[in-house]
1. Quick one: of the DSSP bridges fully inside the protein assembly as shown, what percent are antiparallel, nearest 5?
2. So how far, in whole Å, is the C-alpha centre of the stretch B:196-247 from the one of the stretch A:208-256?
3. For the protein assembly as shown, build the charge dipole from Cβ charges (+1 Lys, Arg; -1 Asp, Glu) around the Cα centre, then report which of A:41, A:23, B:142 sits farthest towards its positive end.
4. Identify, among B:260, B:246, B:275, the residue whose Cα sits farthest towards the positive end of the charge dipole of the stretch B:236-301, taking +1 on the Cβ of Lys and Arg and -1 on the Cβ of Asp and Glu, with the dipole about the Cα centre.
5. So what's the convex hull volume per residue for the Cα atoms of the stretch B:11-229, in Å³?
6. Tell me, what ³J(HN,Hα) does each residue in the stretch B:156-171 have, in order and in whole Hz, if you take phi through Karplus 6.51 cos²θ - 1.76 cosθ + 1.60 with θ = phi - 60° and put x for Gly and Pro?
7. Amide H of residue B:11: which non-local residues (sequence gap of 5 or more, or other chain) have their own amide H closer than 5 Å, using H built in the peptide plane?
8. When ligands, DNA and RNA are left out and all protein chains stay put, how many square angstrom of accessible area per residue does the protein assembly as shown have with a 1.4 Å probe?
Amino acid sequence: MSFVADSWHLFQRHLLATLRLPIWIAITLVQPIIWLGLFGQLFRRVVDIPGFETTTYIEFLTPGVVVMNALFGAAWSGMGLINDLQEGVVDRMLATPVRRGALIAARVLHASFTIGIQSLIILALGLALGAHFASGILGALTTLIPAMLLGAAFAALSSGIALMTRREETLIAIVNFFGLPLSFLSASFMSAALMPDWVRAISTVNPVNWAVTAARAAVAGNDWTTVWVNCALLAAVVIATGFFATQAFRAYRRSA
Amino acid sequence: MSTPTPPMPALIADQLTKTYRNGVQALAGVSFQVAPGEIFGLLGPNGAGKSTTVRILATLTQPDGGSARIAGHDVMTDPQAVRRTIGYVAQASGVDRWAKGRENLVLQAQLQRVPAEKIDARVDELLAWVNLTEAANRLVNTYSGGMKRRLDIAMGLVHSPSLLFLDEPTTGLDPETRAALWRDLRRLREERGLSVLLTTHYLEEADAMCDRLAIVDHGRVVAEGRPEDLKRTIGGDRVVLETSDVERALPLLRGIPGVTAAEPEDRAITVRVEHAPSVSPTLVATLAQNGVAVTSLTVARTTLDDVYLHHTGHRFDAEAVSGGKRGGRR
């Protein structure tokens, strides 16, 4: 099982590097406070509009921020890979028998793992700010599953793009171009019932929306089928993007 | 070549060709062999195709044509076996700057399938061998250039490969560190008996370090052999004469036994001789007998630069890129 061993060893490398960045840890702790605090205050009154399913906006917003954090955290995952490409780390590893898929899997695992930790912080903060999760602690913890799946999918996608473009500028442009539209074409900040029809139509094929829908259903606790169907969809996306990223290694080998 | 049961070459490259997508032809048919236990050099200016050759041999790039075998394993059809056999130390070092020296080595050992119970001892031994034991638990980002290079080499050796690739190992190092590295490489061969393929654009490095070498120019091997043999085959030494009458001196010089060539160069004459110490007096005497005065005489032993000039028709210029900067790498 060299694939599992390789992935685990490489995952440890990524984790150690992250733990050695105090600024990363500080931002991880502060960012949810800004998102939940700022957005929560700014949009506080929108729950007064008929059609919102929760009584406070913070309760509505918390699963949305969990998902948005997962999206952006993972989308930048390819930056580390580009750095490794430029410093020759990837070539050094490709000249060993390491399983190619493990190079991607380790990054995906690392993105998912850090997203899991960040999501816990966001949930705790949501609770502190007065969110009430109908399905209790277990339901709230279930939101980690769609968040981590979405993170895995976008980490793999980001890694694949990194291997194909090999330039930070390109990846930055792509993430900036797609990041916010994907967030706003979902129910992260606005109830699906209140979306314009065309936005709702697009959101049904938007993986970010699948994750938000699953997360929100998990904290509501009254429709577990919705939770698992959306998680299954996300798992399919993880497999597809993981395959794409592994194929990108072949393209890299042909062209480099 | 057809001796009974010859030892298997450490490496055979046969007619490797590669053209990058942007149209730059990096290799136009590169062939050479590395014997077990020898330090073999690929010498050529930047852009000659050295790095591309090594990347193909290290299974990182696929050639368009030709084949290569390392310890009997085909680079194209059995890359996993090749990867277990080789150590690869690239020009861009490839160490993780934000990890400690020891962590880099442990991960490399894991990826190279060193049995888990042997990793600690192996890493300790290598750290001591490259004199990094005290710096082992510092982030590599704090290392000097020489320390980083020594770690690079230790990384390439962690699984006891039988063939080590060193791509431009001394580029960017100060002279002192470079000399230390040369010492380390000789020690490597003596103590570990492995084969080394190194690329360099330093003539003196190739001369000092390599048992045998191939001169690469425009994606082709133009000469291969031991440095001494390469120098001998192009006709021994070089004598530069300044005379009162170049026109008369040239045919006289060419008629002397032991002279292989005589060409005017500015106002002087460059004479190729088999052995300068024994022929030089004859040169002067012959010219004097015919009324041509010699105003100066300089003897220069043949260098690889002369070999290079002889085979390529131009002087070696490490920075003169032949055929564009290595295309397609980024």
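1. Values: 38 of 56 bridges.
Bridges in the protein assembly as shown are about 70 percent antiparallel.
2. If we compute the Cα centre of each part, the gap is 60 Å.
3. A:41
4. Most positive-ward Cα: B:275.
5. On the way: hull volume 26.2 nm³, N = 219.
Convex hull of Cα atoms, per residue: 120 Å³.
6. x, 9, 5, 10, 6, x, 8, 9, 10, 9, 10, 8, 6, x, 10, 4
7. For residue B:11, the qualifying residues are B:34, B:71.
8. That works out to 44 Å² per residue.
The values are calculated or read from the model by the stated rules, or taken from the named source; none is laboratory data. Quantities reported herein were computed from a predicted structural model and do not represent experimental measurements. With ideal geometry, Cβ positions are generated from the backbone for all residues, glycine too; neighbour counts draw on all protein chains shown. For accessibility, only protein heavy atoms count, side chains too; no ligands or nucleic acids. Shrake-Rupley method; radii C 1.70, N 1.55, O 1.52, S 1.80 Å.
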